[in-house]
Structures are given as structure tokens and as C-alpha cells.
Amino acid sequence: HPLSITVVRSFTAKSRARAAPPPAGSVLFEDTSSTAPAMNSQGYYTPGYDMQGASSDMQGGPGAGNMFADPMANAAMMYGSSLANQGKDIVNKEISRFMSVNKLKYFFAVDTRYVLKKLLIIMFPYTHQDWEVRYHRDTPLPPRQDVNAPDLYIPTMAFITYILLAGMALGIQKRFSPEVLGLCASTALVWIIIEVLVLLLSLYLLTVHSDLSTFDLMAYSGYKYVGIIFTVLCGLLFGSDGYFVALAWSSCALMFFIVRSLKMKILTSISSDTMGMASSAKPQLRLYITVATAVFQPIIIYWLTSHLVR
């Protein structure tokens, strides 16, 4: 029918008009899949910026590389490290000279049996017969194998016990304070240092060649605290009468113990290069040192205990 054909043609023309692509100027979104945006428009970097230069600036710039590449700087660094190593070796050598860890372990190599026997010898030395220190291949046996060997375990424990006992005695007498207890501990420590230094100086001036070391002298000087503990306990339990009886007993026992112990170390060591009158005077001076060391012990015991018992 002519009218139908006309309607269909008009409808088809309208559909084609709608499906036709829009002109270039009216596109809403631009296709960016084919080309990448310019980086300078995004603000990431500008043309001419050197990334390698930036990395070198972050690593310290060319000056740092020149410093490490300078032979004078390398030589100075090597010389400084060598000096530091030499100083460290000298310090370790000096520390090992005055305080050897192996020697210190020797003086603490004790057991319960040794401690009990040593305490009995200190307090009752009159029944002990053999005072000679035993050796094995020119090396003294450790204390656990030889009861005559000096140790530092008993002096250390006795010193700590004395400080605790002094605090208890001061507390009983309503005189305790941290300052007084600290003064008591420092006084006891200073007495040990003075006694050891005097003995070392005396042995050096008299050129006595013996195997007595600083640790040996500290051990023999520290045994007095066993008698000090016994004296203070008797004074607290039995009053002034018990104190003086215990002081007399511990003083005599300690003097006997010191003389018999140091006799094997000092009196028997006679220098082979002394002759004539010097050789006859040397043993007398050694005897005076031994006796003076023994006589000095009761004075220290009284000084450290008299203010604790009233």
C-alpha cells in the first residue's frame, strides 16, 4: 500500500539518523588507550631532571666517594684502627697481669669438706700438724685437694656475714642506719687493702723471693673475719665478759694460724744471691714481718668489733 511504504521509509530514515556517530566536537570522553599522557602534565618530573645525579646526591655526592678513594684517608683510618687494637691488647695484658681469671678460679675451687676443715683449723689451729702446701708438677693443688692451700671463698663469705652481723648488732642497740652500716663496711674493706699493701711493700723492700701473690695475702688477711664473727656473736650472747674471752681466743688462734701458714712461705724463702752479714740479717727481717703480721690481727679484730658490743 503506498501509505504503508511511506511510513516505513520515514521510520527507517529516523533510525539511521539516530545511529549515526556524533561529530568530533561533541565527544564527551576522549579515548586515551592508544597514547600515554605526558608526564610533565602530571607533575612527576620535568624535562632535563637527572635521576642519576639525584641518586648520587642521596648517597653523599661525589665528595663521599672521593673521601673513601683518597689514599691518605684510608691510611689514616688503618693507622687509627691499628692504634685502637694495640691499646686494647695493652689494657687486656695489664688486667691479666694483676688479675688473672684462672688464678681467681683457683682460690674459689672449694667444697664443703674443705670449708669445714679450714674453719676448724682457723679456730683450733693447735692440733693441726702438717702445714705444708702440696704441689703437683710445680703447681699448688687447689683448696679442695689441700686444706693448707689459701682460698678466697671463706674470707669473702666471712666478710659478708660480718656486715650482716654488724647490721643486726646495731639494730639491737637501736643505732642502725644505712650510713653507719656503710661506714662499717668501708672501714673493714680499707683495713684489708692497707694490710695487703703494707705486706707487698715489705716483701718488695726486703727482696723476699716467695710464691706469695696478692690473692694469697688477701686470703690470709681475710681469715680474721672468722674470728671477728665468733667474737661478735659471743659478745651479743654473753655480754662484755663473753666478748673479751672470745676476743682473746680468736686473737691467739689467728696469730698461731698466720705464723704457721706464712712460715712455709716467707721464712723458708732465702735468696741465693745474699751473702755475709746480709744473709744473716735477711731471715731476721722475714721473721719480723711474719710476727708483725700476726700481732697486727688482734688490733684489727678489736677495732672492728668493739663498737658493736656494749
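Among the residues examined, Leu233 qualifies as among the hydrophobic types (A, V, I, L, M, F, W, C), open to solvent by 30 Å² or more (accessible area, probe 1.4 Å) and either under 16 Å from Ala166 (Cβ atoms) or outside any helix (DSSP H, G or I) (or both). Residues that are at pLDDT 90 or above and open to solvent by 10 Å² or more (accessible area, probe 1.4 Å) within region 279-306 comprise Val295, Phe296, Pro298, Ile299, Tyr302, Trp303, Ser306, listed in sequence order. Taken across region 209-221, residues that are surrounded by 20 or more Cβ atoms within 10 Å (Cβ to Cβ), of a type in the set (Asp, Glu) and in a helix (DSSP H, G or I) do occur, with at least one present. Residues that are more than 25 Å from Ala253 (Cβ to Cβ), surrounded by 16 or more Cβ atoms within 10 Å (Cβ to Cβ), touching a helix residue (DSSP H, G or I) at 6+ places or on another chain (Cβ under 6 Å) and at pLDDT 90 or above do not occur anywhere in region 150-160.
The values are calculated or read from the model by the stated rules, or taken from the named source; none is laboratory data. Predicted, not measured: the structure shown is a model, and the values here were computed from it. Don't worry about glycine lacking a Cβ; one is built from the backbone with ideal geometry, like all the others, and counts go over all protein chains shown. Heads up: the accessible areas ignore ligands, DNA and RNA and are worked out on the full protein's heavy atoms, side chains in. Shrake-Rupley method; radii C 1.70, N 1.55, O 1.52, S 1.80 Å.
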